[in-house]
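Provided herewith is a single structure, encoded as structure tokens, for subsequent inquiry.
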Amino acid sequence: MEECIFCAIARGEMKAAIVHEDEEVVAFKDIEPQAPVHILIIPKRHIAGLAEMTPEDEAVVGRIAGLSRKLAERFSFSQCGFRLVANSGPDAGQAVAHLHFHLLGGRKFRWPPG
Ligand code: 5GP
Ligand code: ZN
């Protein structure tokens, strides 16, 4: 496997503004924020993306969804609204081939996203 920047962040070898870490997931601030709060939530284990998931990976995605709720409460946008997004593949603009969910909050979002 080529060097994966999100694996390096998960191992603590690359700097990131980490807001949550446990044995299975890490959450850190996006370097190019698209909202007042823009956090990336990743599994520590390398999974290339949604399209490459196996049934064994489903539990950690549930854990990420649960963590998004807790972070939304912590950053005070749980009630006014927030967005949890995972881009998969080139048409969706996935740039990093390590499964990650964008947690965005602190402003209004349009739908459809375009
Ligand atoms: P994607 O387009 O793959 O869904 O999202 C990748 C995200 O990772 C982008 O929002 C980008 O700003 C962010 N990103 C890329 N490299 C780094 C990095 O080294 N550190 C952090 N914190 N975010 C990164
Ligand atoms: Zn990785």
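The values are calculated or read from the model by the stated rules, or taken from the named source; none is laboratory data. The model shown is predicted, which means the values in this text are computed figures rather than measured ones. Neighbour counts run over all protein chains shown; Cβ positions are idealised from the backbone, glycine included. Surface accessibility is based on the protein's heavy atoms, side chains included, excluding ligands, DNA and RNA. Shrake-Rupley method; radii C 1.70, N 1.55, O 1.52, S 1.80 Å.
Sorting check: for 77-85, 12-20, 96-104, which peptide has the highest mean count of neighbouring beta carbons within 10 Å, and how do the rest follow?
Put in order of decreasing packing, that is 96-104, 77-85, 12-20.
So how much slack lies between Thr54 and His20, counting 0.36 nm per residue of separation and subtracting their Cα-Cα distance, in nm? Please report the intermediate quantities before stating the final value.
Values: separation 34, 0.36 × 34 = 12.24 nm, distance 2.46 nm.
So the extension gain works out to 9.8 nm.
Which of the lysines could a cross-linker bridge to Lys108, judged by Cα under 27 Å and excluding same-chain residues fewer than eight apart?
Reachable lysines: Lys29, Lys70.
Using a probe of 1.4 angstrom, how much of the accessible area of the chain is carbon and sulfur, in percent? Don't jump to the answer; show the numbers that get you there.
Values: 3780 of 7080 Å².
The value for the chain is 53 percent carbon and sulfur by accessible area.
OK, next. What is the pair-distance distribution P(r) of the stretch 1-44, computed from all Cα-Cα distances in 10 Å bins starting at 0, with each bin given as a whole percent?
Whole-percent P(r) values from 0 Å outward: 29, 54, 17, 1.
Using 0.36 nm per residue, how much length does the chain from Ala86 to Arg110 gain when fully extended, once their Cα-Cα distance is taken away?
Numbers: separation 24, 0.36 × 24 = 8.64 nm, distance 1.63 nm.
Extra length from Ala86 to Arg110 when fully extended: 7.0 nm.
Moving to a separate point now. Based solely on its DSSP helices, what 222 nm [θ] is calculated for the chain when runs of n ≥ 4 H residues each add -39,500 (n - 2.57) and the sum is averaged over all residues, nearest 500 deg cm²/dmol? Walk me through the numbers before you get to the answer.
Numbers: 2 runs with 23 residues, N = 114.
Calculated from helices alone, the mean residue ellipticity at 222 nm is -6000 deg cm²/dmol.
Can I ask one more? Reported to two decimal places, what Rg/Rh ratio describes the chain when computed on Cα atoms with Rh from the Kirkwood expression?
With Rg and the Kirkwood Rh in hand, the quotient comes to 0.94.
Cysteines without a disulfide-compatible partner in the chain, using Cβ under 4.7 Å as the rule?
Result for the chain is Cys80, no neighbouring Cys Cβ within the cutoff.
Calculate, for the stretch 5-105, the solvent-accessible area per residue in square angstrom, rolling a 1.4 angstrom probe over the heavy atoms of the protein chains. Mind showing how you got there, number by number?
On the way: 5510 Å² over 101 residues.
I get 55 Å² per residue for the stretch 5-105.
Nearest 0.05, what FRET efficiency do Cys7 and Phe75 give at R0 = 30 Å with Cβ-Cβ as r?
Numbers: r = 26 Å, r/R0 = 0.85.
After rounding to 0.05, the efficiency reads 0.70.
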